[in-house]
Structure formats: C-alpha cells, structure tokens
1. How many residues does region C:290-306 hold that are free of Cβ contacts under 8 Å to residues at least 40 places away in the same chain, part of a helix (DSSP H, G or I) and within 10 Å of another protein chain (Cβ to nearest Cβ)?
2. Determine, yes or no, whether residue D:319 is within 19 Å of residue A:308 (Cα to Cα) and either crowded, with 22+ Cβ neighbours inside 10 Å or facing chain A (nearest Cβ under 9 Å) (or both).
3. If you check C:142, C:173, which single one turns out to be away from chain A (no Cβ under 14 Å), over 23 Å from residue C:108 (Cα atoms) and assigned to a loop (DSSP other than H, G, I, E, B)?
4. Which one of these is away from chain B (no Cβ under 14 Å) and farther than 30 Å from residue D:284 by Cα: D:162, D:189, D:229?
5. Test residue D:238 against the criterion of being surrounded by 22 or more Cβ atoms within 10 Å (Cβ to Cβ) and within 18 Å of residue D:130 (Cα to Cα), and give yes or no.
6. Looking only at region C:56-90, how many residues end up being touching a residue at least 40 places away in the same chain (Cβ under 8 Å) and either under 14 Å from the mean Cα position of the chain (by Cα) or under 18 Å from residue C:17 (Cα atoms) (or both)?
7. Give region D:192-220 a look and list any residue that's in contact with a helix residue (DSSP H, G or I) (Cβ under 6 Å, 6 or more places away or on another chain) and within 14 Å of another protein chain (Cβ to nearest Cβ), or say none.
8. Mind listing whichever residues of region D:151-162 are part of a strand (DSSP E or B) and either crowded, with 24+ Cβ neighbours inside 10 Å or more than 26 Å from the chain's Cα centre (by Cα) (or both)?
C-alpha cells in the first residue's frame, strides 16, 4: 500500500501553475465566521472567481472539456482541490450543490442536447444552481415528494413547495425532483427538472434556522422555502425521462451520500482547536498542560484522522476504479457523528467561549460558535445519519443475501469533484 | 417526596427478628467468585436455608400465606431482602427463576386446585424450579417456540429441546412454554406447563458457555440443554388454559422484564471496585490518587446510582399501586447496558488483574474476572437490550397513538419479591 | 417512601403551568429568543406568583419553601424554557444573602428580590474561567470606608436585566469578598454577549466604588458563602434542566407519532424509536438523581453532597445529549427556530458549564467519595 | 497512492489463509482455548511457513520483510485468532534483538527464532503494572561476570510456551537492562494465570544467574531499545486486532442473514443492523489507521509516531467494543464457546492493555502532538 500522493513532474508543474494563478485571482475576503455575513459585493467577487475558474476548466476539473469541464485526471483535480483548500475554498467556491449533483446527473441521464445546453453553463460557472428536494411532508422519504409537474403541451406546469433550499444570494437555476404521475406507483412517478429560477410564479422566502447557511463551497446551506405557483417550464428541461426520476435520484443520492468530499480537505476545526489550546492559558499555565484538555483534544484528533482516512480510502478506491458500495455512506456517517463528538470536545476545552460570537470574547473569531450550531445542523442534509445506516445495511447485505447495488455514476474520470 | 425507608416500630422489631434469625441460620459458605464452584455439600446447605426460610414464610414473603408465602406487606418483604442482601443473598438464596416467575403466573392464571397443588411446594422451598423458554430456533421471538405438547387422553406428550436452562445442581420442576396447536395462529397456539423433572424421557446436558451460571439468587444462570423425548405429563400440569399461553407469558415477561429486582440490593461490584482502588497502590501512591482512576470510578458510581434509583422508583411506584408501563424495561435496560460500561471502567482501573482468576493475583478473589464475563452474558437473558427497547417503545407510544398495556400481574401486595 | 408530589407541590405545578400557558407560549419564547420581545416583558406577572421568594423566609417577604418545592417551580420554568433572571435573582442571589448576608442586608435586599422589584445577577467568573476561588482576579481595594473594584467579569448570567449585582472579588487580605452593588453605579458597565447561549454578558468594573458595608460575606471568606449557596442552587438548576428535557421528550414523542415518512409514523422505525428512548432514559436518570439529591439536601441526609454532584453531572449531560437525540428525531424540523426545539438546545449548552461543568462536578464527587 | 495489496502480500495472505484452514480451524482453536489441545500442536507447521522470521533480515535466517508485509500475516493470524507465542517471539523479541542486540546475540539467537526452534517471551510488566521503565523493579545485581536476578514478572504473554526469556530488569546503575535467559535456567519459574485472558503467566526469578553477556541492551538503556521495538511491534499487534475484528464482522454479518426470528432474518431489524454497522465502523477505523501507520513507519514518514499511537488506540478500542457489538448481534449464541465468538472477546480483553492501553497511547499521542 502506498498512501503517498506523489506527483509526476508534470503534476508538480501544474501545481505551481495553479498556485500562482490562485495567488493572483482569489479575492481577499473578510474571514466571516458565519458565512451568512458575506456581503453582496463579496459574493460578487466569489462568483467572479467561479467564472474565472470555470473559464480555465478548473471549476469542474474532472468533467469533460467538451462541456466546459477541465477534462483533467483525478490527480490534477486533486491538486486544484488542495490548492483551493489552502484558502479554505473548494470547487466551486460558493454553494452550488445543485450544480455539482445536477451536472453529474445530466452527464448520466441527459440527452446530448441537454448536455450541450445545461452543462457548459454550470461547469463554466456562468450559473449557480440550488438543489430542491425536501418538502414539508417529504424529508428522508424523498420518493414521497408532492410537488407536481403536469404536462401541458410542450410545457409542464409546476405546483408545490420545497424547503431547506439554497443559500442567501439567489441562484439562476434549480435542480429539482417532482411528481409527474399522481397515480403512478411509488418510485415510478417522479422526474427531475433543471428549473430556471426567473420563471414567473416562483417565490423564494428565507427560513429562520439554527444555522443560516452561506455561500462557501463547503457550507451546508439549507435556508429558503421556494413556492411554485403554476410555473410553466418547457418540457426540454425535464432530465432523464418522465417518471424515470427515481433512477436519476440514484445517481444524485449516490454522490450526495458521501462522495461529495474530496480526499484532501484539511480539518479546519482541528487546526483551530489546537491553536486555541496552544495559545490560551489557564491560571498562567498553557491550557494544553491540563490532562483533561489533552484528553479532549486527542479524542478530537483521532476522530478527525478516522474521518480523513475513510474519505481518503474512498477517493483512492474510486481512483483505482473500484466500485464503492457502503463506503461513501460510512465515511459520511462518521463525519456527521464525529462532528457531534467534536463539538462536545470543544465545549469541554473552551467553556462558554465556544458559545459566544462576541468580537472580543468569541474563540477563534466566532468560527467555534458557528461550529457548535453547524455540528447539529449538519446531521440532516444529504441524508440523515439514519438514512446513511439504511444504505450501509443494504449495501453490506445485513439480513439479506443480495446486496443492494449503488446508483449509476458518471465514469470514474468524471467524478473528480 | 420522601426517599426514606422509614420503619415503624413493628418493622424495626421485625428487622431485629430477621437479623437474629439469619445470624443463626445462614450457613457460612466459602466465597466462590464463580458460583459454579459451589460444591454439592454447600448447595445442600443453601437448599436447607431455603426450606427454613420457606417454613417461616420468608422465602416468598409477599405471597399469600394460604399458599405458603409470608403474607407480609412490602415493607416487611423489603426488610427480609435488605437483611439477606448483607449476606449477598436474595430470596430465594439459590437460582429459582422458574419458581419466582412460575408462582406469580400461577397466582394469576392457575385454577384453585393448581394453586393449592403447586404454590406451597415452591413458596416453602420444597422444590426448586427452572424456567424453560428458549430453544435453538427461538430466542427473542418467544412466540415461535417449537417444543410440542400433544394431548393424549388425560396427558400431554412433550417433544422438543430447550436451551440456556437452569443451573448445575438440578431442579425438581420446570416452568415451560410449549406449542399446543401446530396449526394455530401465532400467539394463539401456546401453553405453559409446570413439569416434574423426574419424568421419563427428559435428558439434561450441560452447555459450555462463557459464564457458567451458578446457584445464587442473583446469578443469571443459563446453562443446560434439556431434551424432551415423548415425555408424558398429566393435563393437570397445564397452567392458564390450552392455547392461552401468550396471555400467561404476559405475566411472566412483565415480571422478568425489570420487575425482578428489589429496591434495596446493594451494588456489590461497586463496593469491590472502590475497595480495590482504595487498597491498591501504584508506584507507592494510592490508586485513587490517579485522576484517570477517579474518572473511571466516578463513572461507575454514577451508573450505579442511576440503576439503583430507577429500580427504587419502580419499587416505590408499585408500593403505591401505580401501574408501571415502560419503567421496568427501562431499569432493566439501564442495568444491562451499564454493566458493560462498568466492566470497561473496571478494566481501565485494574488492568490485567481484572481478567485473571488466579488465587494469588486475581483482583477481589476472582469476583472481578467473573464480572468481566458476566457483564457480557447478562445482556441477553430475560429479554435482550433490543427486546427491552421494543417494550419501552410500545409502552411509551413511540410512533403509535395507542400505548401498549402491561401484562397482568398478581395484585401489588403479592409482588413483594 | 413516597415518590409523589405533595398537594402543595401539585398546586405550585398547576400555577406555573398556567403562567407558562398564558405568558410564555412557544411563540413568545421564540420571540424573546430572537430579541423581538423583551425578556422581562412578563416579569411582573411572574413575580406576582411569589416564586421569586420561594426560598426566602417569610420574615423577609418570601415563602420559606423547601428546595424540593422550589424545584417543582423550576422544573416547570425549565419546560419553556423560560429564560430570564428568575434563577440568578430568586435562587442564587437569595441563597447568597441568606448564607452570608448580615441581618441588615437580608432585611434591605431580600424583600425586593421576593417581590421582583430588585433583580440580582451574580458576577463570578472571568476570562480565566472556572468555578473555584482561584479564578477570581477582580480586585477590591480598601479606600477608607469604601472599596474600589476593578476587573472584568465574563459569562455572567442575566446581568443585562439586573438592577443589582453581587460581584466576587479578591480582597487585599487574599480572601474572596462578595460585594453587592447597584448595577447602575459609576464604573459598572454590562454588555450582552451574542451567540449560541442565552443571557450571557460581560460586566466591566472600572474603579467602581461601594461602601465596605456592601460586602456580603464580611464575617467569613466569601467563597465559603458562595459554595454553600451554589450547592443548593445547583439542585434547582438541575430541576430546571429536568423540566427542559421533559419538554424535549414530549416534543420528540409527539413528533414520532405525527410525522409520517415512508407511509408510516417515523416512530415505527427502530432507529427513530431508539433516539426517543435515549431521551427518556436521559430524562429519567436526570430526574431521579435530582429528586433524591433534593430530598437529601432538604433533610440534611448523609451523602447529600455526593447526591448533589451526581445530580448536577447527570442533569447537565442528560439535557445536552437529550437535545442531540431530539434533533435526531426531528431532523430538519428541529433546526427551524419557530418550532422551539432549538430554545432547549441553546439552553442546554448555556447551562452546561454554569455553576460547574459535569467534569467539575465529577471531580468534586470523586473528592466527596474520598477518592 | 495505491491502497491495494502487493502481489507478494496477496501470496502471504493466501498462505496464511491456507494455514488457518488446515491447522487452526474453529474447532481446533476452541479446543486449544479449552486446554483440550496443546497451544503448540501446530507450531512446526506454522514455523515452516517462515513467518516467524518475517522481520528478521536474511543474513540472520529471516525474510527481511517490511512491517506492512508482516502485518498482512498477522491480520490473517488475528482472524483465528491464532494464539501462541508467534508474536512474542517472531515480532517482539526479534525486534528487541535487532534494535539492541550485539552482533553475536543476533547471530546466535535470531536464526532460532526464525526457524521456530527457539521461542522467546518478553517478561516486562510486574505487579505494579505499567508500560514505562518506572514500573520495573526486578533487580539485576552484578556478581563478577554474572548477574543475579530477582523479581516477579506478571501478565507475561506466552511465557509457558517459551524456551527463552528476555527480562526487563533494573540494573545497579539505575538504568534498565534487558536480559536474555534460558527459561529453564535455575531460579526461573513460570506459571500460567487462568481467567478471561489468553496466554498470560507469572514468571518468578529467584536468584536467577546469567552471564553479563546476556544483557541485550549493553550499549544503551534497555528501555530505549524496548521502546523502539515496541513502536514497531505495536503496529503488528494492531494488524492482528484488525484481523480479529474482521472475522468478528464476518461472523456477525452471516448471523444477521441466517438467524431468523419473528419470521425474518434478524438483520432486517434496524436495531440489529446498527450493531453490525457498529462492528464494520470499528473495523474500518482500526484498519485504515493501522494501514496508514504501517506505511508511515516503513517509509519513515513525518508523523509516524502519531499515526502509531492513533492506530494502537483505535485498534484496541475497536476490537474491544466491536466484540461487544457482535455479542449484541448474536445474543445467546455468542456466549456458546464452541461458536467461537468468545475466542475474540477474550482476545480483545487480553490485548487491551498489551504494549500499552488505549489510555496510555492517548497520553503518548498528546505528547507527540506537542500538547
């Protein structure tokens, strides 16, 4: 076994190129602990960065270049991720799960025409896309969505309500699942649309949540209610065939359930907590002298290593063309649950300073306070811990002889991010 | 609220009487860490004590005196339990779950004749009784037992295999559940027998288990396979009516699932662990000076208090005539799960000394080593942790509007032990 | 042995229930939390029930009730959770005055606490945070018949709503002095600390001047007074946490019955059931350790201190983890602020270190057990 | 980046698999555990595979393999779990000799270890139990060209099966001396310790006499030698635990499929599923921390020590808790000795403190992280 990410001379050269380019193009933004604090001007700069990355094919580096991706191999993609990670950014550098998941789904399920129409917009960063899945009566049970799409000539008429949607600076498109056959059998009555958000009849209303997600690549931003009132959308925007939506969802969910994360993302919070402990004193002694603090930090550290290694394994397996079954959900589950454990370690170490966002007293400029909330919020999007366990059990074949197979994915070369 | 066990002058007098009597009658037995080490002679002394207690009505103190019980109130019963507990004994002072559960079931479901025939034998300690529930293909799913009883004239013919049965010094009777209608609907095809173990066709074969249970009142002894080969038993030994066995099981299981334990039993293991830590040194310093040891002991202590209080609550509620629903299983579940947690605390504190039974090096004369095994073994008898959770969920009404009602119990005054 | 409430306790419970249903509905509590309604909007109504004087003897305008009776009140307040300075003032400050105040101080101050006219907050902890005397750096220097106080108090509960403060200071003798002062005295400034916690603030003392007679603990080391007060107050706080968790359990149970997914109530799934069961297990562990500790404290029984530390540890951890489990039951709905669960989540975090974290209480428990 | 086994590792794996299927079936392992078959009954067969010399350079009769290659072997042995002195002798003692032995010692002793002729056990810990030099009280006193050793070694692994011992002693200089001796030398007695642990014994040394040249660590403090050896050996032990847990997982998965209750496989119940999922989560956490640590050790990468402590902690805890979860899956069947699960449960307890408990490794990890 070899855990090394050894770069070839070409890759090292590429790394230097990326590093140089980013140094000149990544805007210096204020370090907002709460991503919701990002101003419109700052957001515009992030979008600009996205378009510039997109123009170079670095926004979706592993996607085919014919559709606006980078056409790069996993190594190159990883280099871009690594370099962006140094800025605490990812590809894309703003909340765009609709684009990430929608583009992968379109790659698998779209017609040639749809690929040519939608993918370049997404991959070049010209549009950003929200994903619209949950509804008031439909959460873990995605197959029960009630938002309806009724065929009317060359169009569909959409009615319904989606919740926990998107972010706070709008989106040009939404990637959404709807019910196209009110009388159809479960799992045979759904379809996906790539929905232009400017269509008449769409209303977006912010939700008041424990954590208002933000615009950063990694933020789990679910925060609007989106109402559809007789929204008319051309049938050409239906992806993957009418009533074939559950198959498409297989692709979507496969990626969402644990394949989203890159192999190289650093544990920002680990660095912050270690930094806090090393630079804070208690009764004149370094906090790190306290054996209880050491215990909490070591717990945090080990949790962090396991999450990293499970994601790393998944990445390496994918790179080697090995089909993942339970591993994506396992890594995602570990990430979710250890976030709770980490939050408690932090509270033990920092006391009330972990809880306040006051500019003077907040630990680590308020990033800790945000994490205390985020650790709770991140249990649910992308499939709750319970849903991950359902998937793991089916894929391992617990209590069943036939193991469930994963949803269809784009070819390995096209899953770089 | 009043957590006091305040005794009336009469009760204090009774306490003195019990204490004096026990001082003269409890045989001085060797302190066997592993109850399986009890010799036949020692066992005979325990049986003698049982018969002597039985003759005074102190073996089943709260059961009606007309059937050989003590006819005492809960307070008196508790005094007997408390005083026996000082000897690390309980009522009865040997493994007799078949008697405890069977006699309660007979009180509820038996005919007058059956009560008069069976109860005095049990309550006076003349016989001891195993319980026979599990089979190779029937564990948590008790309703699926396959051991058959087929009516033949005034008798039934019994065929089948029961496992995890009894103890190592035999029993005169067995309290067992069988299938009386091979074609009957689930839950409508079962019956209970009080089975004389001397009948022809019964073979008892010891099982080789992680922990061989013993003869003490508290031991979770499941350790024989019992084979029934055309055993002929008079129909008069069927309790509660043919095919009515699931109703009878309601009584049986209700008591087994958490109502077995008295309010006063001390936590022998807590005392032992504290004693070990206080009397052992490490590099010349008391073990208790080590903050890690303190942490482990405090965990143990708190776990122990919670188990004690949940049982105490249940006991007090019963004494006040309040119907328990989920509480029995909750206390039992806490007891089971905290046993695992305690075992780990012990291993942390004692290291390998917790694991050896060597006379020279075993911690606490080997009681610790037995507990390391017992903590695993005790997860399963009397309903696994999972079964307790099933009951708690139903009784609380989780996910259901109608709460499940408990099985029928003997009147409160008759449940003293 | 009798684990039921007394008739008087049942009445108290009913009164508090009524108060909550009238003045502290979920909507009101969410609005207070969001800063859209003032925290003290219903203070008069709350004070009129007399609960602020529950622990204060009748001669000082209170009800002279036991800890157990007071706990019944606080369990109901916890169900809200009803925020505000009721605990700081009516429990903690009242106990400090009762334990260490002079007769004059008691006569002057306690009636105002009982009536709700005066609202006390206790400024104890500082930047170097901890619940022992060794963490007190705020200085009180004698200037004739006055003392001059300098320091910064952090994570003070309820100071912004208070009229009076009791400040833990380091005296020139090296011992701790608990100093009463008007919150609006010169040199005193309070500032609310925003974040994932309820009612915390900073109190800065810049040459704040008070008369020597304002030292409550003049007869002994102030920390001894505070320690005695905290031992009792901690139990009331545990009862408040028990109340909070019992509300969290009710919400979780109801949601398990009414929320449907996969064509059935979610509570039919064993995984969801286990989260609800975790909540009730946390709840009952917290409840019964707290009840026994209250009884032992009221009755001055052996092991009262051990029971108190056991209860404090169990209640704080149970409320914390119980909220996590409740979020597992509720998934997305749990994080919608208007639903109300996050009020408890936030409160469980706020109270986690208050009057000593579980880790602190465990260490004290080890000590009490002779380890 | 390549997380697959090399061709050579696959061959090793296949060889070990074959050995297990032939010599160490479940029935044999249960019989050995019950004392009905001798532990060394298949020692020659095991030695003939050459695995006892895996870490020993070719010049001394071994294979000179890497830690990662050796780990593949031990993962397979762990699946049994195959008990016996293979680890004490072929890994721990071999590494001690390689790290601290003189050329003569290496030349004299290592070939015997590699061939299985000599079987070494390491007698380190004592009644005052711990994995640091401060716990070594056994005295080695110089008598001319000899040393005289007195003390009692406790919880020594595999001593009853050994031909040779390496004993950690306190020298007159105060430093630690690792002394090689014939197990059958005068003054040496070993006694097996029964209980819920595999292969532990007591070794008493009563005026045991050996030549000074038997001190392996003559050039430096013996604890430094031992520490270096243990750092590597710990990783092989982790791999053995990973192997054990992977077998436990396979058993649990199969049982979830084949055991039926309530008219369906028990693995259809979410509660049972979650126990199996816990096992696989423990397994994969142990596996990947171990693999990375092996790679870092073999390649002498930055962070190798941190990775080793992370792996040791994770593997020991995972094996321990994973066995508990497997018992939850199996209920009654799990405690039937002939079923084989208890072999792992017992082994997970036996190894929990071996070469340092998780708590020990956590403290060392804190140190390595600069805390």
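The values are calculated or read from the model by the stated rules, or taken from the named source; none is laboratory data. Model, not experiment: these values are computed from the prediction. Neighbour counts run over all protein chains shown; Cβ positions are idealised from the backbone, glycine included.
1. 2
2. no
3. Only one candidate qualifies: C:173.
4. D:162
5. It is false that residue D:238 is surrounded by 22 or more Cβ atoms within 10 Å (Cβ to Cβ) and within 18 Å of residue D:130 (Cα to Cα).
6. Total satisfying the criteria: 23.
7. Listed by number, the residues that qualify are D:192, D:195, D:196, D:197, D:198, D:201, D:203.
8. Once the filter is applied, which keeps residues that are part of a strand (DSSP E or B) and either crowded, with 24+ Cβ neighbours inside 10 Å or more than 26 Å from the chain's Cα centre (by Cα) (or both), region D:151-162 yields D:153, D:154, D:155, D:156, D:157.
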